[in-house]
Amino acid sequence: MGRLVMKFGGTSVANIERIRNVARHVKREVDAGHEVAVVVSAMSGKTNELVAWCRDASPMHDAREYDAVVASGEQVTSGLLAIALQALGVQARSWQGWQIPIKTSDAHASARILDIDGGEIVKRFADRKEVAVIAGFQGINPQTGRITTLGRGGSDTSAVAIAAAIKADRCDIYTDVDGVYTTDPRIVPKARRLDKIAFEDMLELASLGAKVLQVRSVELGMVHNMPIFVRSSFDEPDAIDPHATPPGTLICSEEEMMESHVVTGIAFSKDEAQISVRQIEDKPGVAAAIFVPLASANINVDMIVQNVSEDGKTTDLTFTVPAADFDRAKETIAAARDKIGYARLDSAGDVAKVSVIGSGMRSHAGIAAKAFAALAERGINIRAITTSEIKFSVLIDTAYTELAVRTLHSLYGLDKA
Ligand code: ADP
Ligand code: ASP
Ligand code: MG
């Protein structure tokens, strides 16, 4: 007997029929003798709708009320799945974040989990053989008593955090693809499913745009050494042998990897915007004059490129921000114009970041250089580059994203045979 967390994303609970299908997946594991906690997302599209309603009601809405609204999607699916399980004769009870409680920081809309009391859930495994059906994405701030949410895609993080809290043997993430691929299989049909991927590589893939797992869930998996298994919810529930290994991807520590490839995968994000501050004075303090106000406005700056000044007097500084913060970032820089002292502000919203990831890059030179040549051959212009030990990213025009991803996918031998 083992203890499992089973997480089902939005498409997996998109309607009542799919929720019934999820109930059969859960029943299979319960019948095999496992203790099960389930974590559910809202029905697909629901969270987007709720977010849009908040914006519609007022663009400058209160973040606490935003959380009160957007957390409701998961309340519905947790109740519905408990009903569907009971209809199959499985003991089940739904749980909201505050009922457990899942305690979080007060950073509304992007709260961090601080503590989870798994005691009652574990007690009910023993006393009543009861499945816990937990609303993902949400928690409560203990100081204010208000509902919080964990940021988009946050149910993955709820699942891994609960798995750690109840000391589960594994956290299964059921989604609409049957594992983690070398790149988004919806963009590159030749993408290959990985049997295993190290936490470190998955962390980079997720943070650079592969939305199959929320970044924070991978971080938590790494900290608690919790094996995460990504698999499909669309497989026929009763055709699966609960004791065999199904198709999917295990995210595990690097030591468990049999072999490591130089390049593990490619991620991309169209969620970028570029700002260039032209002809700023080349003197100490200028970077601070630009980036301190952005930090104060809670705007995350990602890639930064500064030219070495030719005349020793002025230089250009280019950086990227999330597309959602583009207008605010431009306003923030414009407001600090006197302090910064620049001639012109150029910007582009239609840019994308394509990243190549692989912990094997640590010990191999020339990996990035190959990419620059291949992109040039396709006529793709690179606007900015960043590199680190196990990844590099290029900023390009959005229109070339798919071409760039496919080109690099083939270049590094990731295409399936
Ligand atoms: P869920 O609703 O189950 O949480 P998401 O839509 O958040 O599902 O994440 C699954 C999606 O992630 C897939 O449909 C796929 O398009 C996308 N994706 C992006 N990169 C990858 C990748 N490298 N491997 C697998 N899926 C990926
Ligand atoms: N429903 C939330 C979202 O769409 C959380 C999740 O699905 O993980 O972002
Ligand atoms: Mg998701």
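Of all residues in the range 51-102, which are among the β-branched types (Val, Ile, Thr), in a helix (DSSP H, G or I) and in contact (Cβ under 8 Å) with a residue 60 or more places away in the chain?
Val70, Thr77 - these are the residues of the range 51-102 that are among the β-branched types (Val, Ile, Thr), in a helix (DSSP H, G or I) and in contact (Cβ under 8 Å) with a residue 60 or more places away in the chain.
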Just a yes or no: is a residue in the range 113-127 within 16 Å of ligand 2 (Cβ to nearest atom) and crowded, with 16+ Cβ neighbours inside 10 Å?
yes
Taking the condition more than 12 Å from Lys270 (Cα to Cα) and acidic (Asp, Glu), does Glu402 pass?
no
Can you confirm whether the range 168-180 contains a residue that is touching a helix residue (DSSP H, G or I) at 6+ places or on another chain (Cβ under 6 Å) and within 21 Å of Asp271 (Cβ to Cβ)?
yes
Residues located in the range 1-52, provided they are crowded, with 24+ Cβ neighbours inside 10 Å, more than 16 Å from ligand 3 (Cβ to nearest atom) and under 17 Å from Ser158 (Cβ atoms):
Val26, Val36, Ala37
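For (1) of a type outside the set (Lys, Arg); (2) touching a helix residue (DSSP H, G or I) at 6+ places or on another chain (Cβ under 7 Å); (3) buried (at least 20 other Cβ atoms within 10 Å of the Cβ), each residue gets a yes or a no:
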| position | (1), (2), (3) |
| --- | --- |
| Asn381 | yes, no, no |
| Thr386 | yes, no, no |
| Ile390 | yes, yes, no |
| Thr407 | yes, yes, no |
| Tyr412 | yes, no, yes |
| Asp415 | yes, yes, no |
For the range 213-247, enumerate the residues that are surrounded by fewer than 22 Cβ atoms within 10 Å (Cβ to Cβ), assigned to a loop (DSSP other than H, G, I, E, B) and of a type outside the set (Ser, Thr, Tyr).
Asn225, Pro227, Phe234, Asp235, Glu236, Ile240, Asp241, Pro242, His243, Ala244, Pro246, Pro247
Identify the single condition in (1) at pLDDT below 95; (2) farther than 24 Å from Glu219 by Cβ that Ser253 does not satisfy, given that it satisfies every other one.
(2)
So, of the residues in the range 237-258 that are over 23 Å from the mean Cα position of the chain (by Cα) and aliphatic (A, V, I, L, M), which turns out to be nearest to Gly312 (Cα to Cα)?
Met258
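Given the residues Ser309, Ser276, which is the only one that is assigned to a strand (DSSP E or B), surrounded by fewer than 22 Cβ atoms within 10 Å (Cβ to Cβ) and more than 26 Å from the chain's Cα centre (by Cα)?
Numbers: Ser309 fails: assigned to a strand (DSSP E or B).
The match here is Ser276.
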Is it the case, given these coordinates, that Asp325 is crowded, with 16+ Cβ neighbours inside 10 Å, assigned to a helix (DSSP H, G or I) and among the charged types (D, E, K, R)?
yes
In the range 149-173, which residues are out of contact with any Leu (no Cβ under 8 Å at 6 or more places or on another chain), farther than 27 Å from Tyr400 by Cα and either without any contact (Cβ under 8 Å) to a residue 60 or more places away in the chain or surrounded by fewer than 24 Cβ atoms within 10 Å (Cβ to Cβ) (or both)?
Gly151, Ala165, Ile166, Lys167
Top-ranked residue in the range 17-33 [being away from ligand 2 (no atom under 16 Å from the Cβ) and either in a strand (DSSP E or B) or of a type in the set (Val, Ile, Thr) (or both); ranked as farthest from Gly45 (Cα to Cα)]:
Val30
Pairs only if they're at least six apart or on different chains, beta carbon under 6 angstrom, first in the range 3-16 and near ligand 2 (Cβ under 10 Å from one of its atoms), second of a type in the set (Gly, Ala, Ser) and assigned to a helix (DSSP H, G or I); list them, first residue then second.
Lys7/Ala159
Residue tally, condition in contact (Cβ under 8 Å) with a residue 60 or more places away in the chain, within 21 Å of Lys270 (Cα to Cα) and not in a loop (DSSP other than H, G, I, E, B), over the range 358-399
7
Report yes if some residue within the range 259-268 is within 19 Å of the chain's Cα centre (by Cα) and assigned to a loop (DSSP other than H, G, I, E, B); otherwise report no.
yes
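Residue-by-condition table, conditions (1) small (Gly, Ala, Ser); (2) surrounded by 18 or more Cβ atoms within 10 Å (Cβ to Cβ):
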position: Ser72; (1), (2): yes, no
position: Thr77; (1), (2): no, yes
position: Gln86; (1), (2): no, no
position: Gln91; (1), (2): no, no
position: Gln99; (1), (2): no, no
position: Lys103; (1), (2): no, yes
position: Ala111; (1), (2): yes, yes
position: Val131; (1), (2): no, yes
If Gly73 satisfies every condition in (1) within 13 Å of ligand 2 (Cβ to nearest atom); (2) within 26 Å of Asp238 (Cβ to Cβ) but one, which is the exception?
(2)
Is one or more of the residues making up the range 146-162 over 30 Å from Pro322 (Cα atoms), away from ligand 2 (no atom under 16 Å from the Cβ) and assigned to a loop (DSSP other than H, G, I, E, B)?
no
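The values are calculated or read from the model by the stated rules, or taken from the named source; none is laboratory data. Worth saying up front: this structure is predicted, and the values here are computed from it rather than measured. So basically every Cβ, Gly included, is an ideal-geometry build from the backbone, and we count neighbours across all protein chains shown.
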